[in-house]
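The values are calculated or read from the model by the stated rules, or taken from the named source; none is laboratory data. Keep in mind that what you see is a predicted model, and the values were worked out from it rather than measured. Don't worry about glycine lacking a Cβ; one is built from the backbone with ideal geometry, like all the others, and counts go over all protein chains shown. When the accessible area is computed, the model is the full protein with side chains, heavy atoms only, and any ligands, DNA or RNA have been set aside. Shrake-Rupley method; radii C 1.70, N 1.55, O 1.52, S 1.80 Å.
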Amino acid sequence: MTPVTRQEVLGLYRKIFRIAKKWQSASGQIEETIKEKEYIKTEAKTLFRKNKNVTDPNVIKQCIEECEARIEIGLHYNIPYPRPIHLPPMGLAHKQGRTLRHQEKLRKISKPIYLKSHDEVS
């Protein structure tokens, strides 16, 4: 990891914890605010620790983009959790064969960048 990339990653990590410190839930309830603050902190720690040994510059760039996207979406919608996506149901595909594999591939491709790591951790 280059020194510039390292500083960028550490800056994002600090930014997340500053956001968590000032976070207020949309409902305004103290219990909900505490729960959301704790979620932000544990999610950040989990994902940053999971990716601490990544050395491929392209993967690092993708992780940084995902982090920035999740921060912006969380601040915009005032929701710390990843926003759900609306994908077509898989009920139309046969349970086997090319159609199912094709539909699974389309679902994987259509998943937004901010949800790539969420499924792996949750």
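3J(HN,Hα) along the stretch 20-33, derived from phi through the Karplus expression 6.51 cos²θ - 1.76 cosθ + 1.60 where θ = phi - 60°, amounts to 4, 5, 9, 4, 10, 5, 5, 6, x, 6, 4, 4, 5, 4 Hz, with x in place of Gly and Pro.
Here the calculated FRET efficiency for residue 64 and residue 24, from their Cβ-Cβ distance with R0 = 25 Å, stands at 0.45, rounded to the nearest 0.05.
For the pair residue 5 and residue 38, the difference between a 0.36 nm per residue extended length and the Cα-Cα distance amounts to 9.2 nm.
Ranked from largest to smallest solvent-accessible area, with a 1.4 Å probe on the protein heavy atoms, 49, 6 come out as 49, 6. Rounded to whole numbers, the Karplus 3J(HN,Hα) couplings from phi for the stretch 36-41 are 5, 4, 5, 4, 4, 5 Hz, using 6.51 cos²θ - 1.76 cosθ + 1.60 with θ = phi - 60°, and x at Gly and Pro. Phi angles of the stretch 59-69 translate, via the Karplus equation with coefficients 6.51, -1.76, 1.60 and θ = phi - 60°, into HN-Hα couplings of 5, 4, 4, 5, 5, 5, 4, 5, 4, 4, 5 Hz per residue; Gly and Pro are given as x.
Amide hydrogen proximity for residue 25: with H placed 1.01 Å from N in the peptide plane, the residues at 5 or more positions away or on another chain lying under 5 Å are 33. Counting only lysines at least 8 places from residue 105 when in the same chain, those with an alpha carbon closer than 29 Å to its own are 50, 52, 61, 95, 116. The slack in the chain from residue 12 to residue 104, taken as 0.36 nm per residue of separation less the alpha-carbon distance, amounts to 29.9 nm. Ordering 5, 55 by accessible surface, largest first, gives 55, 5; the 1.4 Å probe counts only protein heavy atoms, with every chain in place.
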